[in-house]
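A.B. asks: Quick one: this structure, given as structure tokens, is what I'll be asking you about.
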Amino acid sequence: MKRRYRQRIQYKVPVVFTMGAQLGEGHVLDLTIPGCLIESPIRVSKGQSLSLKIFLPGLEAPITVSLGVVRWSNVKQFGVEFIKM
């Protein structure tokens, strides 16, 4: 099994994401420096671009990722690489 190059931090927090005009909601299940794992009922496709607002407790404003790319997707989860924050 390939080792991850960055440690993942498991942390379930709300996320809102947009893909063009489509809006989706879900939960970030883990974070790492280059990306995150999201669980959502919204289906996304590998290679799709999106923007994210991640709501971490204790912060006044969400963390905004202005450009992310879906690197893999299955029925209820998908992985996003952060391109521009």
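The values are calculated or read from the model by the stated rules, or taken from the named source; none is laboratory data. Owing to the predicted nature of the structure, the values given are computational and were not obtained by experimental measurement. Note that we place each Cβ from the backbone using ideal geometry, even for glycine, and neighbour counts take in every protein chain shown.
A.B. asks: Given the criteria of a type in the set (Val, Ile, Thr) and either modelled with pLDDT of 95 or more or in contact with a helix residue (DSSP H, G or I) (Cβ under 9 Å, 6 or more places away or on another chain) (or both), does Ile38 qualify?
C.D. replies: Numbers: of a type in the set (Val, Ile, Thr): yes; either modelled with pLDDT of 95 or more or in contact with a helix residue (DSSP H, G or I) (Cβ under 9 Å, 6 or more places away or on another chain) (or both): yes.
When the stated conditions are applied, Ile38 passes them.
A.B. asks: While we're looking at this one, here's another question. Please go through the range 4-30 and give me each residue that is β-branched (Val, Ile, Thr) and at pLDDT 95 or above, ordered by number. I'd like the intermediate steps shown before the answer.
C.D. replies: To start, the set of residues in the range 4-30 that are β-branched (Val, Ile, Thr) comprises 9, 13, 15-16, 18, 28.
The answer is Val13, Val15, Val16, Thr18, Val28.
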